[in-house]
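Asks: Pasting in a structure now, in structure tokens, and then I'll have a few things to ask.
The values are calculated or read from the model by the stated rules, or taken from the named source; none is laboratory data. Quantities reported herein were computed from a predicted structural model and do not represent experimental measurements. So basically every Cβ, Gly included, is an ideal-geometry build from the backbone, and we count neighbours across all protein chains shown.
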Amino acid sequence: MKIIDLFAGCGGLSLGFQNAGFEISAGFDNWQSAINVYKKNFSHPVFNINIADIEDFSVFQNYVPDMIIGGPPCQDFSSAGKMNEHSRADLTIKFAEIISKLKPKYFVMENVNRITTTKTLRKAIDIFKESHYGLTSKILNASLCGVPQSRKRFFLIGVLNGQDNALESYLNKSISNKPTTVFDYLGNSLGIEHYYRHPRSYARRAVFSIYEPSPTIRGVNRPIPKTYQFHEGDTLKDFTQLRPLTTIERSYLQTFPKYFKWIDMAKSDLEQMIGNAVPVKLAEFVAKAIFEYSVNSSSEK
């Protein structure tokens with residue numbers, strides 16, 4: 001089954017689906033730094049295209065996709081900033097229009113879980129339904145899907161001429177009843193048992209243990225402020241034994257493998273790229289459910 005990845009970023013979604021046995025035909029994005037990283041790690045082509053400006057969808061059809069996957073930029077829906085539905089939200093609609101025009105057998109759309117309250121999602125769902133897609137929607141906690149991180153993400157999976165909720169049981173059967181901790185995934189390889197993660201507000205704790213899932217990896221990674229006052233929830237209150245995670249360590253918590261190649265760029269860009277990515281193991285979790293469903297559907301015919 002051939003796949004194209006829209007909004008591919010540095011390749012978290014692509015790598016997860018590739019690891020599950022799918023063939024990625026092409027990736028598309030318009031952030032050149034992310035494209036450069038993507039090129040380092042995949043043999044298939046990746047193109048610098050601003051999807052917002054695309055009117056002729058034949059550029060995608062040339063790669064004969066059986067499935068289209070993508071995570072339209074989510075900043076407009078993110079709890080990290082003000083909730084709004086402007087230009088970036090329009091890319092969700094653009095994604096739906098591309099699906100409606102090309103009609104792949106399957107599609108997967110990923111976003112932050114807050115998208116479920118938006119008019120944008122309702123409009124996109126209307127487009128999918130008008131194009132005869134059976135839809136399965138699911139908010140997944142990455143820590144229950146093999147990722148050492150408490151990160152909730154919304155997935156919408158479409159099957160052309162399929163039934164609604166057809167993938168529900170395939171997703172549910174593999175969800176763990178125990179969150180994956182940093183220690184479960186990385187053991188003692190970090191060389192620390194506690195680390196600092198800069199909070200959105202100082203009303204929240206900032207020190208975490210490796211014996212719990214990490215908080216959501218975001219696009220910022222700051223040093224410990226000299227004025228930081230320990231929070232009652234911090235797992236350690238000793239500055240001499242604390243440090244933030246490095247950029248590469250944060251990529252491990254996003255379940256990028258150690259062999260994944262990064263390139264020299266501004267640290268802020270690299271942090272943003274890693275924070276924006278779909279965790280590889282989360283993408284793989286979803287891909288395996290689709291794979292199993294597709295095999296079972298084929299055998300029933």
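Asks: Any chance segment 268-275 includes a residue that's out of contact with any Pro (no Cβ under 8 Å at 6 or more places or on another chain), surrounded by fewer than 14 Cβ atoms within 10 Å (Cβ to Cβ) and in a loop (DSSP other than H, G, I, E, B)?
Replies: For segment 268-275, residues out of contact with any Pro (no Cβ under 8 Å at 6 or more places or on another chain), surrounded by fewer than 14 Cβ atoms within 10 Å (Cβ to Cβ) and in a loop (DSSP other than H, G, I, E, B): absent.
Asks: Taking strands (runs of 3 or more DSSP E) that do not extend beyond segment 131-222, which have at least 3 residues that are touching a residue at least 24 places away in the same chain (Cβ under 8 Å) and either aromatic (Phe, Trp, Tyr) or within 17 Å of Val278 (Cα to Cα) (or both)?
Replies: Per the criteria, 133-141, 152-160.
Asks: Of the conditions (1) among the hydrophobic types (A, V, I, L, M, F, W, C); (2) buried (at least 16 other Cβ atoms within 10 Å of the Cβ); (3) under 28 Å from the mean Cα position of the chain (by Cα), Ile248 clears all except one; give me its number.
Replies: The one condition Ile248 does not meet is (2).
Asks: Restricting to segment 1-43, name every residue that is under 11 Å from Ala277 (Cα atoms) and free of Cβ contacts under 8 Å to residues at least 12 places away in the same chain.
Replies: Passing the criteria: none in range.
Asks: May I pose another question? Evaluate the following for Thr227: is it surrounded by fewer than 17 Cβ atoms within 10 Å (Cβ to Cβ) and not in a loop (DSSP other than H, G, I, E, B)?
Replies: Spelling it out, it is not the case that Thr227 is surrounded by fewer than 17 Cβ atoms within 10 Å (Cβ to Cβ) and not in a loop (DSSP other than H, G, I, E, B).
Asks: I would also like to ask the following. Any idea which of Ile98, Ile115, Ile127 is farther than 25 Å from Lys288 by Cα, part of a helix (DSSP H, G or I) and at pLDDT 95 or above?
Replies: Result: Ile127 is the single residue among Ile98, Ile115, Ile127 that is farther than 25 Å from Lys288 by Cα, part of a helix (DSSP H, G or I) and at pLDDT 95 or above.
Asks: For segment 1-79, which fully contained helices (runs of 4 or more DSSP H) count at least 2 residues that are buried (at least 18 other Cβ atoms within 10 Å of the Cβ)?
Replies: 12-19, 32-41
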